[in-house]
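Q: Following this message is one structure expressed as structure tokens.
The values are calculated or read from the model by the stated rules, or taken from the named source; none is laboratory data. Everything quoted here is computed from the prediction, not taken from an experiment. Heads up, the Cβs are rebuilt from the backbone with ideal geometry, glycines too, and the neighbour counts pull from every protein chain shown. The accessibility values were calculated without ligands, DNA or RNA, using every heavy atom of the protein model including side chains. Shrake-Rupley method; radii C 1.70, N 1.55, O 1.52, S 1.80 Å.
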Amino acid sequence: MRFKIPNIPLLPPKTLYPLTPKSHMASLLTAAESQIRTRTLHSAPPQDLDDSLCSDHHQQQEEQQQQTFAVTTPLRCLTGESRIERAWAHWSKLGRPKLIVAPMVDNSELPFRMLCRKYGADAAYTPMLHSRIFTESEKYREQEFTTCKEDRPLFVQFCANDPEVLLEAAKKVEPHCDYVDINLGCPQRIARRGNYGAFLMDNLPLIKSLVENLVQNLNVPVSCKVRIFPNLEDTIKYARMLEDAGCSLLAVHGRTRDEKDQKKVRANWDAIRAVKNALRIPVLANGNIRHMDDVRDCLEATGADGVLSAESLLENPALFAGFRTAEWAAENEETKKDGILDQADLLVEYLKLCEQYPVPWRMIRAHVHKMLGEWFRIHPHIREDLNAQNRLTFEFLYGIVDRLRELGSGIPLHLKETTAATVSANGSST
């Protein structure tokens, strides 16, 4: 199911550049940066077959694709205390979700979100959406943002550096989500070139204006996802500024902008706890969540109201149901239900969801590599066959799973002998 987003007039196809601020913000980019071309949109079919949708079933059931949003008092009409009360009222109305799928570019799309929800996720973020392209291209909106009525609670995340462009994009998704989220944490080079994500940490007044403009003009709450500063005091001031600007929920990745290698650098849970203690709005923790023991430990260590997981979920979408890969199953740990579920099973479920909710093939290809990565290491010739395919089909992908099973490559997920951990409303493990 694919919600229809209101159309806007489009100019003839043209080359789009990185997010570029309006004249009063032009100093944010260097002349060289402003010339970097990031993407060309065409009205003709994409040249890269992986960019095409895996199906055209999104034409069906259009009459069911409109949802209404319960209009509440705009935050611009509320005092500071009332904003805090509304932030918690909204979070409570959603059930205070604890286990959340983090935003991942090209990876936290609708079919994957729905798979994670089946296996314990309480809420999810969309992939990061480029606010300027989202406002200008109907094709981008239709391919990159899809949802359905079961896909809630939902955070829709945008990168931006222009308050008005961000607002225009946010208005288009407001009826279909529970939070509009601003990406303030992306540390990648493309974010540096485009002047968004974690690289806005050098311009806090701009960040404040992004948040305030949304808060003053949207009915849906505004959330932010950030990284920490090297200095804890700076991090606390940053978080308080966001809360004062009207942010209703803050997700904190416990690494700095320069700490990109998650396998080498542990997330700083102490910094997340300090932010949680300093704020009055809900705070989520991001970093070091590989299995449910990490969830329990993180909630206890940070006092956060929920956790986000990203990379570990890509390999094991059943993480929040208590399953873990062999890498994280301790040698002396008793497990049960060995063989009841493996990553090939999860991939088949994911592919069926893709048939129901079409997405670009490039997303599907990426998930196949993530979920079957260990299997491909045992049988690299099958991975090579996948890489050689310019045009993917579901028949071919189901065939890969059959071939791996015939080769006896099953790698079962593990579940503790004790019942899979659940997380109660107060954050404790039961």
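Q: Anything in region 170-215 that is polar (S, T, N, Q), without any contact (Cβ under 8 Å) to a residue 60 or more places away in the chain and more than 25 Å from E138 (Cβ to Cβ)? List them, or say none. Step through it out loud before you land on a result.
A: The first filter runs over region 170-215 and keeps only residues polar (S, T, N, Q), leaving 183, 188, 195, 203, 209, 213.
Still in the running and without any contact (Cβ under 8 Å) to a residue 60 or more places away in the chain: 209, 213.
Answer for region 170-215, where residues must be polar (S, T, N, Q), without any contact (Cβ under 8 Å) to a residue 60 or more places away in the chain and more than 25 Å from E138 (Cβ to Cβ): just S209.
Q: How many of the residues making up region 290-306 are open to solvent by 10 Å² or more (accessible area, probe 1.4 Å) and not in a helix (DSSP H, G or I)?
A: Summing the residues that are open to solvent by 10 Å² or more (accessible area, probe 1.4 Å) and not in a helix (DSSP H, G or I) in region 290-306 gives 4.
Q: Let me ask something else about it. Where residues in region 307-327 are over 20 Å from Y350 (Cα atoms) and assigned to a helix (DSSP H, G or I), which of them is most open to solvent (accessible area, probe 1.4 Å)?
A: Once the filter is applied, the top-ranked residue is E327.
Q: Checking the structure you have, find out if any residue of region 230-249 is more than 21 Å from R280 (Cα to Cα), among the aliphatic types (A, V, I, L, M), open to solvent by less than 10 Å² (accessible area, probe 1.4 Å) and assigned by the TED database to the domain that holds S309.
A: No, because not a single residue in region 230-249 is more than 21 Å from R280 (Cα to Cα), among the aliphatic types (A, V, I, L, M), open to solvent by less than 10 Å² (accessible area, probe 1.4 Å) and assigned by the TED database to the domain that holds S309.
Q: Here's a follow-up. One residue is enough: does region 81-104 have a residue meeting the conditions of a type in the set (D, E) and under 27 Å from G287 (Cα atoms)? Lay out the reasoning, then the answer.
A: Of region 81-104, the ones of a type in the set (D, E) are 81, 85.
Still in the running and under 27 Å from G287 (Cα atoms): none.
No, because not a single residue in region 81-104 is of a type in the set (D, E) and under 27 Å from G287 (Cα atoms).
Q: Looking only at region 200-221, which residues are open to solvent by 20 Å² or more (accessible area, probe 1.4 Å) and either part of a helix (DSSP H, G or I) or among the small types (G, A, S) (or both)? Don't jump to the end; show me each part of the working.
A: So in region 200-221, the residues open to solvent by 20 Å² or more (accessible area, probe 1.4 Å) come out as 202-205, 208-209, 212-213, 216-217, 219.
Matches in region 200-221: D202, L204, P205, K208, S209, E212, N213, Q216, N217.
Q: Kindly provide the set of residues from region 246-286 that are part of a loop (DSSP other than H, G, I, E, B), within 23 Å of D178 (Cβ to Cβ) and within 21 Å of the chain's Cα centre (by Cα), ordered by number.
A: As a first pass, look at region 246-286 and keep what is part of a loop (DSSP other than H, G, I, E, B): 246-248, 254-268, 279-282.
From what's left, within 23 Å of D178 (Cβ to Cβ): 246-248, 279-282.
C247, S248, I281, P282, listed by residue number.
Q: Mind telling me which of the residues T256, T235 ends up being more than 23 Å from L129 (Cα to Cα) and touching a strand residue (DSSP E or B) at 6+ places or on another chain (Cβ under 9 Å)?
A: The conditions single out T235.
Q: Further, regarding this structure: Restricting to region 180-199, and then to whatever is among the aliphatic types (A, V, I, L, M) and outside any helix (DSSP H, G or I), can you tell me which residue is nearest to R83 (Cα to Cα)?
A: Residues of region 180-199 that are among the aliphatic types (A, V, I, L, M), as a first pass: 180, 182, 184, 190-191, 198.
Okay, now just the ones that are also outside any helix (DSSP H, G or I), so 180, 182, 184.
Numbers: V180: 16, I182: 18, L184: 21 Å.
Here the residue is V180.
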